[in-house]
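Just below is one structure, and these are the notes that go with it.
What follows is calculated from the coordinates using simple rules that are stated; it is not laboratory data. What you see is a predicted model; the values in this text were computed from it and never measured. Cβ sites come from the backbone with ideal geometry, for glycine too, and all protein chains shown count toward neighbours.
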């Protein structure tokens, strides 16, 4: 579904009669052009113009000037554009601005309207601060990452890739403080990546994990919070940005993560109030019978605690279906919370609907083991399968193929100890070419441990 903004944003519009006639004619043309697309769910008058009345120097304008600006605003965005949509596309709702409460007072509880939450990123607060907020609808929130190495190589030469603060890397960054913000958050949640390529990869995991915290919290908060849209989908040039898909159409980690945390049914384990609570959130309109399996495991795959229960997932709801007191986990052998995790899996008819992992310690205090990944590649004629195993927990497993163009069924996924992940690959390249270019790493490999790279074993087929 598409939230379709009119093309006004972040600044005030003229209030002349000629301008008002102009935007009415333009709006009529655009609504007629787009109205038959079934994906359009909402027309929005502008982006951040309403809240921009008090930005910067506007806040000190004379009262009579601000009053006239506000009258012009109401005429344009709750008069002209609203009438055009009502006349030409009456079945689709119109909303004056993003964010807005449609001129209601929101108050501390935010009973109405949508919000742009930039406490994370611009406010530099921890990702977990998302969980302090219970907006009605979050129409903007986000965090930046760098694109993958292949994309960065398209606008750099080797000396530009010494670090993320070289002149060229800074030039390919819209936000003046962007690279330093990414770096600050990186050191807050992880440590310094061991080299430039590792920083690019780790920045994508950082972005995806951060937005995941927000997205899952907003979904768990249903019906108080009824939706969220992260900023942003794509790029207009190769750059570090808030996007989940880079300029060349290459998916970042966030795009793969979003397919999971925005899935119609989400299982979301969360540590709160001295317990691990397992939520299931459903956007489906009918109930879904399933089986919920919850395990406490260490990074070597030892199961310390396990329970499975039948559940009937309520439609259009968020509910806690399972909980473990933290003391129960400690008694089961989880005294060192830096070495264990909880895995919740929801299946129906033998098909996995959702699975999700939760740490018991802050991310900074979790000490992942370097994964010793075993990789097998098979297939022919453009259709291939790659099977990956690890004896230990491997977070955000990332497959890359150098300069080859490939399509992947999944990437940046978690691999449990001893399990086999099977990734489908489509490419015009041969199997031998894929094997020659294939590189597989996990999150632990991005950071220095004993100075040695992770071991990757490629089986011959």
How much mean residue ellipticity at 222 nm does the chain get from its helices, if each DSSP H run of length 4 or more adds -39500 (n - 2.57) and you divide by all residues, to the nearest 500 deg cm²/dmol?
-7000 deg cm²/dmol
Can you tell me how the stretch 265-365 classifies by the Cα gyration tensor, rounded, prolate or oblate, using a/c under 1.5 as the rounded cut?
prolate
In degrees between 0 and 90, to the nearest 10, how far off the longest principal axis of the chain does helix 196-220 point, with axes built from Cα atoms?
70
Helix 17-34 sits at what angle to the longest principal axis of the chain, using alpha carbons and giving 0 to 90 degrees rounded to 10?
40
When 70, 237, 324 are ranked with the fewest other C-beta atoms within 10 Å first, the list becomes 237, 70, 324
Calculate, in nm to one decimal, what residue 187 and residue 30 gain on full extension: separation in residues at 0.36 nm each, minus their alpha carbon distance.
51.9 nm
Cα gyration tensor category, rounded, prolate or oblate, for the stretch 373-459 with a/c compared to 1.5:
prolate
Output the peptides 239-249, 297-307, 53-63, 136-146 sorted from most to least packed, where packing is the average of other Cβ atoms within 10 Å over each peptide's residues.
136-146, 239-249, 297-307, 53-63
Footprinting exposure proxy for 231, 135 (fewest neighbouring C-beta atoms within 10 Å first)
231, 135
So what is the relative contact order for the stretch 373-459, in percent, with contacts set as C-alpha pairs under 8 Å and at least six apart?
39
Which of the peptides 78-84, 286-292 is most tightly packed, and how do the rest follow, going by the mean number of other Cβ atoms within 10 Å of each residue?
78-84, 286-292
Using only Cα atoms, tell me the angle between helix 63-75 and the longest principal axis of the chain; keep it within 0 to 90° and round to the nearest 10.
80
Inter-centroid distance (Cα atoms) of the stretch 307-361 relative to the stretch 121-184, Å:
32
For the chain, what are Rg and Dmax over the alpha carbons, in angstrom?
24.4, 78
Sort 434-441, 5-12 by packing, meaning the average of other beta carbons within 10 Å per residue, with the highest value first.
434-441, 5-12
Taking square-rooted eigenvalues a ≥ b ≥ c of the alpha carbon gyration tensor, is the stretch 65-172 rounded, prolate or oblate, where a/c under 1.5 means rounded and, failing that, a/b exceeding b/c means prolate?
prolate
Any idea what the relative contact order of the stretch 325-404 is, in percent, if you count C-alpha pairs under 8 Å spaced at least 6 apart?
20
Which of 44, 236 comes first, and how do the rest follow, when ranked by fewest Cβ neighbours within 10 Å?
236, 44
